[in-house]
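The values are calculated or read from the model by the stated rules, or taken from the named source; none is laboratory data. Keep in mind that what you see is a predicted model, and the values were worked out from it rather than measured. Note that we place each Cβ from the backbone using ideal geometry, even for glycine, and neighbour counts take in every protein chain shown.
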Amino acid sequence: MKAGSGCNALKRDKKFAKQFLVKFQDRVLYGRDYFDNEHQEFLNSLALPDDVLDKVYYGNALKLVP
């Protein structure tokens, strides 16, 4: 499977992606093992509330590994 496939799936419908991330904000983790910023740029382009982005970028991970 191609790297970035999760981002590609979300990019198909930005409105759905934003709704999905808001709804599941407590279950989504941002991770990076790829050489570009495609995922981060996409997340930032969705105009998500700051509290949702904070959870995705680091808050949810801190709950797993305090």
Only one of 19, 40 is more than 9 Å from the chain's Cα centre (by Cα) and among the polar types (S, T, N, Q); which? 19
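Filter the helices (runs of 4 or more DSSP H) completely within the chain down to those with at least 1 residues that are surrounded by 14 or more Cβ atoms within 10 Å (Cβ to Cβ) and at pLDDT below 90.
Where helices (runs of 4 or more DSSP H) fall fully within the chain and carry at least 1 residues being surrounded by 14 or more Cβ atoms within 10 Å (Cβ to Cβ) and at pLDDT below 90, they are 5-11, 38-45.
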Only residues in the range 1-30 that are on the phi > 0 side of the Ramachandran plot count as the first member; pair them with residues that are modelled with pLDDT under 90 and assigned to a helix (DSSP H, G or I), Cβ under 9 angstrom, at least 6 apart or cross-chain, and list the lot. 4/38; 4/39
